[in-house]
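What follows is a short report on a single structure.
The values are calculated or read from the model by the stated rules, or taken from the named source; none is laboratory data. Keep in mind that what you see is a predicted model, and the values were worked out from it rather than measured. Ideal geometry is used to build each Cβ from the backbone, glycine not excepted, and the neighbour counts take in all protein chains shown.
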Amino acid sequence: MQTQIPSIDEPEFYKPRHECGVCGIFNHPDAAKLAYFALYALQHRGQESAGIAASDGSHVNIYKAMGLVPDVFSEEHLQELKGHISIGHVRYSTTGASSVVNTQPLLVRHRGHTLAVAHNGNLVNARELRHKLEEQGSIFQTTMDSEVVLHLMARSAWQGLDTALQYAFSSIKGAFSMILMTEDCLVAVRDPDGFRPLCLGRILNDDGSEGWVVASETCALDLINAEYVRDVEPGEMLIVCNEGLRSIFPWPKQTPHHCIFEHVYFARPDSEVFGINVYRARKEMGKLLAREANIDADLVMPFPDSGNYAALGYAQESGIPLEFGVIRNHYVGRTFIQPTQSMRDFSVRVKLNPVRSLLKGKRIIIVEDSIIRGTTGKSRVAALRRAGAKEVHMVVSCPPTRHACYYGIDFPSTSQLVACGRNEEEIAEYLGLDSLHYLSLEKLVEATGLSRDKFCLACFDGIYPVKPDTSFCKEALEK
């Protein structure tokens, strides 16, 4: 049964939902604890569930549950996850229902061997592969697209790890930054388009030995004092075993298509993603936006914390003072978990509160990183008007989001995006703004320092690098 999509009047789709974060540790005596801290750094990539699997070389243990990292794991849990190898995962569901059965890492035991997997991304042909595997006798335990990888690897596991990896991944299509773990090896695999980030780090153990870390973002390496070595390359299978590191490149080399939304919104500003500093890129977006918009106003402000860095760049470039016209309450839960519409509206109001004496009689520019559905933005603009703002303008540090994502971001369907079928003037009227300006696609790319052909821009221009299953929805695998 398909879950009903919330209506456009519900505030939870104000921002795109986060994707997932993955990490892996090899050759560290407290591998599970290091994975715990790495996941803590990656919490922004998924707040729905968390899990860690650890191996001592012969036995694999796993613990996972719904909730945030510090709520899921206790000291006792981590003590039970013994071993020098571990993988971890934080999740926001983009495929498969939000339930404990779909938490990751996923783990299977087959012919005396154990395999665990943690996946960031979406497989666009998962439903097709699942149906074929079920017809051939496979029994699935979850509704996750990631599980098809385990079934595919099991079919050729007897031929060795390298063969099983190449057999399984030759069949799948889409976005995958994936970490797998056997009893004695760690494997990192990144799709040939390089949609999602994945990096490799080195850590020095107390006894002088060398350990290895793989993670979605470099901020995870920083927290555990690991040295960034390089990105896992698009199309690379990196195998880390006792003999050292080795790589397989089973796909033909091609131009990558990195997700530019990592720089707009998803990645932490202290991370280096696709070789680009996220903080610098967002600040540059704000500077370029100031040149394009050229609005006369009294102050520039973000809605914390989403537009902070673009707002800083905008203020510096325009010469208009940066102020925090609304104050965020950091102790408010996520709005969409509230049971009634009236309580959801209350949570929106209590999360951000205007500074009335600062806003009264002022012409203000709100700097946002993106507008997805716009409904919460509409209520926030109304709150600024009630606080006495004379004019309210909004500038957005990316182009209008008009197309769905099939590669691991939980955008709503295209018809539910506020920019679908509306121009800037119509969106401004809907939000109650005096004016609205989006950063052009050319300037967004310029802010990153990379060329346009290096990015996936499908959510803006509708050009998909890998043909998606357009009938796909979050619950498609449950049908």
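Of note:
- Residue within the stretch 121-138 that is surrounded by 22 or more Cβ atoms within 10 Å (Cβ to Cβ), on the phi > 0 side of the Ramachandran plot, assigned to a loop (DSSP other than H, G, I, E, B) and out of contact with any helix residue (DSSP H, G or I) (no Cβ under 9 Å at 6 or more places or on another chain) present: yes
- Candidates D305, D270, D296: the one that is within 23 Å of A389 (Cα to Cα), modelled with pLDDT of 95 or more, charged (D, E, K, R) and assigned to a loop (DSSP other than H, G, I, E, B) is D296.
- Considering A54, A97, the condition of being at pLDDT below 95 and either on the phi > 0 side of the Ramachandran plot or among the aliphatic types (A, V, I, L, M) (or both) is satisfied by A97 alone.
- In summary, S451 fulfils each of the numbered conditions (1) free of Cβ contacts under 8 Å to residues at least 60 places away in the same chain; (2) small (G, A, S); (3) closer than 18 Å to V300 by Cα with the single exception of condition (3).
- Number of the condition not met by K33 [criteria: (1) closer than 19 Å to H119 by Cα; (2) over 18 Å from the mean Cα position of the chain (by Cα); (3) basic (K, R)]: (1)
- Subset tally (residues that are surrounded by fewer than 23 Cβ atoms within 10 Å (Cβ to Cβ) and either hydroxyl-bearing (S, T, Y) or assigned to a helix (DSSP H, G or I) (or both)) for the stretch 358-369: 1
- Taking residues in the stretch 379-399 that are assigned to a strand (DSSP E or B), and partners anywhere that are basic (K, R) and modelled with pLDDT of 95 or more, the pairs with Cβ atoms closer than 6 Å and at least 6 places apart or on different chains are E391/R363.
- Top-ranked residue of the stretch 232-268 - restricted to ones that are of a type in the set (G, A, S) and touching a residue at least 40 places away in the same chain (Cβ under 8 Å), ranked as farthest from A281 (Cα to Cα): G235
- Looking only at the stretch 449-479, and only at residues there that are assigned to a loop (DSSP other than H, G, I, E, B) and either at positive phi or of a type in the set (K, R) (or both), the one that is modelled with the lowest pLDDT: K479
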